[in-house]
1. What range in the chain is the longest one free of GluC sites (Glu not before Pro) that are in a loop by DSSP and have at most 14 other Cβ atoms within 10 angstrom?
2. Quick one: order LEU55, LEU4, LEU15 by neighbouring beta-carbon count within 10 Å, fewest to most.
3. Show me the trypsin sites (Lys or Arg not before Pro) within the stretch 1-98 that DSSP assigns to loop and that have at most 15 other Cβ atoms within 10 Å of their Cβ.
4. What is the distance in Å between the Cα centroid of the stretch 51-87 and that of the stretch 8-24?
5. For the chain, what is the relative contact order in percent, using Cα pairs closer than 8 Å and at least 6 residues apart in sequence?
6. On alpha-carbon atoms, Rg over Rh for the chain using Kirkwood Rh?
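Nothing in this text is a laboratory measurement; each read-out follows from the coordinates by a stated rule. A quick note: this is a predicted structure, and the numbers were derived from the prediction, not measured. All Cβ positions, even for glycine, are placed from backbone atoms using ideal geometry, and neighbour counts span all protein chains on display.
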Amino acid sequence: MFELTLRPTVINGALYEDDYEVVWISAQFGARSIGRIRRTSELSPQQQQSWKYHLQPNLPVPTWCNGSMRRLDLAIVTFRRVFERFHAETTEEQWHNAFKAQQPVALLR
């Protein structure tokens with residue numbers, strides 16, 4: 001089982017509402033940002049609210065690593081399944097190379 005956690009997205013010091021960075025915490029790589037889940041804001045009033053998820057591990061990802069769900073809890077569960085599948089198809093060397101230029105994420109516990 002992988003330890004994944006959400007933390008609010010902050011870009012250039014600005015906190016984004018209903019927008020979360022997905023962090024993978026592993027013994028080998030530490031805490032690393034691997035994706036994002038956010039509520040869509042570009043919908044017209046006639047469309048249903050949805051939550052977009054994006055696996056972004058600094059590696060090429062297939063199209064099935066991105067999508068949307070109607071509720072946040074469903075987006076979180078789906079993201080986990082996507083990550084587990086992607087992880088199974090990714091070598092340790094690929095992960096190591098992906099994280100070479102990325103600093104570990106500082107987590108508050």
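1. So the longest stretch without any such site is 43-88.
2. LEU15, LEU4, LEU55
3. Here the sparse-neighbourhood loop sites are ARG70, ARG71.
4. Going from one Cα centre to the other spans 16 Å.
5. Contact order relative to length: 21 percent.
6. Reported Rg/Rh, Kirkwood definition of Rh: 0.97.
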